Amino acid sequence: MDLQLHNSKETITVSDAVFGLEYKESLVHQLVTAYRAAGRAGTVAQKNRSAVRGGGAKPWNQKGTGRARAGTSRSPLWRSGGTTFAAQPRDYTQKLNKKMYRTGIRSILSELNRQQRLVIVEDITVDAPKTKQMAARLADLGVSKTLIVTETGDEKLYLSARNLAYVEICDVAGMNPVNLIRYDHVVLTVGAVRAIEENLGDKADGESK
């Protein structure tokens, strides 16, 4: 298929397998859930009754005291006791193979294309790391809440956009399912489009088999 460059009569030919794929809602949901779950630290920890210091001796005899029987002074029912159902460190990572990940990203890009939320430009640069220049470039593109994806990282672009609300700059390697669906528009340079096709095309799937 052909995609038109912004404010130009020129078009570029792109892979139907990357930008013309059927939308797979269940796969995209699984992809986003797995990506966000992988970002969870899972380091929360509380002490249960066995981890709390002390409480090794039985507080009093089982019978004859008139009090309820007790085996340890570190029971969750006691002051300074352990926590009931204490949280423990855990790994939230969900299994998602590479082919599923690539297919999910292709599905998102294809849906963005169908919804006309993809903006293709030859290149996007600024002369100096100035917020004003970046704001002017975004105004020319007719976008505000947007993700800009370049082939490689550009420090001047990053510095120019970091003070703009709802604007994110990343390279192709930093593109992920969450930032793709978070913004109203996704701006791709031609170089980024070619790098995406190389990373997500049929050849990439063939190598992962």
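The values are calculated or read from the model by the stated rules, or taken from the named source; none is laboratory data. Here the structure is a predicted model, which is why all the values come from computation and not from measurement. No Cβ is skipped: glycine too gets one built from the backbone with ideal geometry, and neighbour counts run over all protein chains shown.
Annotations for the structure displayed:
- Residues being in contact (Cβ under 8 Å) with a residue 12 or more places away in the chain and assigned to a helix (DSSP H, G or I) - total across segment 126-137: 5
- Residues of segment 76-120 satisfying the condition of being basic (K, R), in contact (Cβ under 8 Å) with a residue 24 or more places away in the chain and closer than 30 Å to R53 by Cβ: R90
- Of all residues making up segment 4-43, the number that are closer than 25 Å to R90 by Cβ, in contact (Cβ under 8 Å) with a residue 60 or more places away in the chain and among the charged types (D, E, K, R): 1
- Criterion: assigned to a helix (DSSP H, G or I), in contact (Cβ under 8 Å) with a residue 24 or more places away in the chain and either within 17 Å of Y35 (Cβ to Cβ) or of a type outside the set (V, I, T) (or both) - qualifying residue of D140, D123: D140
- Of all residues in segment 176-192, those being out of contact with any Leu (no Cβ under 8 Å at 6 or more places or on another chain) and either buried (at least 21 other Cβ atoms within 10 Å of the Cβ) or without any contact (Cβ under 8 Å) to a residue 12 or more places away in the chain (or both) number 2.
- Extreme residue, farthest from the chain's Cα centre (by Cα), among residues of segment 65-76 that are surrounded by 11 or more Cβ atoms within 10 Å (Cβ to Cβ), more than 14 Å from Q46 (Cβ to Cβ) and not basic (K, R): T65
- Any hit, segment 20-28, residues being surrounded by fewer than 16 Cβ atoms within 10 Å (Cβ to Cβ), in a loop (DSSP other than H, G, I, E, B), modelled with pLDDT under 95 and hydrophobic (A, V, I, L, M, F, W, C): no
- Considering L112, L164, L159, the condition of being farther than 30 Å from K99 by Cβ, in a helix (DSSP H, G or I) and of a type in the set (A, V, I, L, M, F, W, C) is satisfied by L159 alone.
- Set side by side, the residues S107, S75 differ, and just one is touching an Asp or Glu at 6+ places or on another chain (Cβ under 8 Å) and small (G, A, S), which is S107.
- All positions within segment 143-161 that are more than 13 Å from H6 (Cα to Cα), touching a residue at least 24 places away in the same chain (Cβ under 8 Å) and not hydroxyl-bearing (S, T, Y): K145, L147, I148, V149, E151, D154, E155, K156, L157, L159, A161
- Test: residue in segment 48-58 that is small (G, A, S), out of contact with any Phe, Trp or Tyr (no Cβ under 7 Å at 6 or more places or on another chain), surrounded by 11 or more Cβ atoms within 10 Å (Cβ to Cβ) and closer than 30 Å to R182 by Cβ: no
- Test result for A41, within 25 Å of the chain's Cα centre (by Cα) and outside any loop (DSSP other than H, G, I, E, B): no
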